[in-house]
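Down below is the structure, laid out as structure tokens.
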Amino acid sequence: MQMTPLYAHLQRAREQRQKQLAVLIDPDKATPEALSRILRLANAAGVDYLFVGGSLLVRGETDACIQQIKSQSTIPVILFPGNHIQVSSHADAILLLSLISGRNPDFLIGQHVVAAPALRKSGLEIIPTAYMLIDGGRATSASYISNTMPIPANKPEIAASTAIAGEMLGLKMIYLEAGSGAMHPVSPEMIAEVHRHTRVPLIVGGGIRSAKQALMAAEAGADLIVIGTAFEKNPELLPEIAAALKNFGDKP
Ligand code: 1GP
């Protein structure tokens with residue numbers, strides 16, 4: 001199997017039980033000033049990745065947002081697209097998300113077909129990702145826009161079977177998503193069940209607001225934690241959560 005740079009890095013981190021942090025930047029919400037502040041904190045804290053995207057971009061300024069990031073940071077930028085138009089060759093990589101928790105063909109393969117020629121030309125590193133929406137206690141943009149039903153939070157066995165199927169289909173990462181601003185993050189029980197049954201790097205995000213919640217997800221088997229809303233509301237949380245994940249292996 002040919003290894004691509006960022007994916008190889010993600011796999012190595014998993015093998016070495018290092019926990020990584022991605023900051024999610026929504027180009028619609030991040031003003032240039034707010035973005036500069038987050039980037040200063042992310043650079044200082046040694047954040048591993050910046051995810052850029054959202055379920056619905058009203059202003060659609062992904063390119064400008066990434067150009068600003070690239071002028072102020074060397075942290076790799078990974079596109080986390082809500083749809084096929086959110087492709088920017090200024091990024092380093094893209095999570096090619098197949099929404100395998102849902103049964104909407106457009107988000108399983110349709111958007112991918114439309115984006116494929118541009119993706120091939122873009123030079124972006126493509127990371128095929130099994131994207132799974134998990135019920136986080138309230139309706140989310142991702143669920144509404146994709147017109148799909150999330151997996152019930154108390155059904156870890158459904159999440160595990162879905163993740164196994166995704167891995168068998170050749171997807172290279174699994175992303176358990178409670179939805180941006182979720183009331184409840186994905187439970188440690190569900191993360192542990194998915195982790196037990198799969199080998200590819202495991203991303204967990206949605207509703208994580210504290211170092212304690214980030215560590216619980218990491219302890220349960222998440223390799224990469226994604227946080228957006230909490231840092232938008234309180235950027236000062238960033239150094240604390242980043243440090244907690246970096247020191248994960250130091251605990252007795
Ligand atoms: C959403 O997983 C991400 O796609 C992050 O969610 O905004 O709730 O941190 P939050």
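The values are calculated or read from the model by the stated rules, or taken from the named source; none is laboratory data. Remember, it's a predicted structure, so these values are computed and weren't measured experimentally. Note that we place each Cβ from the backbone using ideal geometry, even for glycine, and neighbour counts take in every protein chain shown. Only protein heavy atoms, including side chains, enter the accessible area calculation; ligands, DNA and RNA are left aside. Shrake-Rupley method; radii C 1.70, N 1.55, O 1.52, S 1.80 Å.
Listed by first and then second residue, the pairs linking a residue in the range 129-146 that is touching a residue at least 24 places away in the same chain (Cβ under 8 Å) and open to solvent by less than 20 Å² (accessible area, probe 1.4 Å) to a residue that is part of a helix (DSSP H, G or I) and basic (Lys, Arg), with Cβ atoms under 7 Å apart and 6 or more places separating them unless they lie on different chains, form an empty list. If you filter the range 208-234 down to residues that are within 13 Å of the ligand (Cβ to nearest atom) and within 20 Å of Thr129 (Cα to Cα), you find that the one that is nearest to the chain's Cα centre (by Cα) is Val226. Looking at Ile225, Ile241, just one residue is over 24 Å from Gly166 (Cβ atoms), touching a helix residue (DSSP H, G or I) at 6+ places or on another chain (Cβ under 8 Å), touching a residue at least 60 places away in the same chain (Cβ under 8 Å) and among the β-branched types (Val, Ile, Thr), and that residue is Ile241.
Taking the range 62-99 as the range and being within 15 Å of the ligand (Cβ to nearest atom) and in contact with a strand residue (DSSP E or B) (Cβ under 6 Å, 6 or more places away or on another chain) as the test, the residues that pass are Ile78, Leu79, Phe80, Ile94, Leu95, Leu97, Leu99. Looking at the range 134-252, the helices (runs of 4 or more DSSP H) lying wholly inside it that each contain 3 or more residues that are touching a Ser or Thr at 6+ places or on another chain (Cβ under 7 Å) sit at 141-146, 156-168.
Do you know which residues across the range 39-61 are more than 13 Å from the ligand (Cβ to nearest atom) and either more than 22 Å from Val87 (Cα to Cα) or at pLDDT 95 or above (or both)? Within the range 39-61, Leu39, Arg40, Leu41, Ala42, Asn43, Ala44, Ala45, Gly46, Val47, Asp48 qualify. The residue that is least open to solvent (accessible area, probe 1.4 Å), counting only those in the range 164-179 that are small (Gly, Ala, Ser) and more than 16 Å from the ligand (Cβ to nearest atom), is Gly166.
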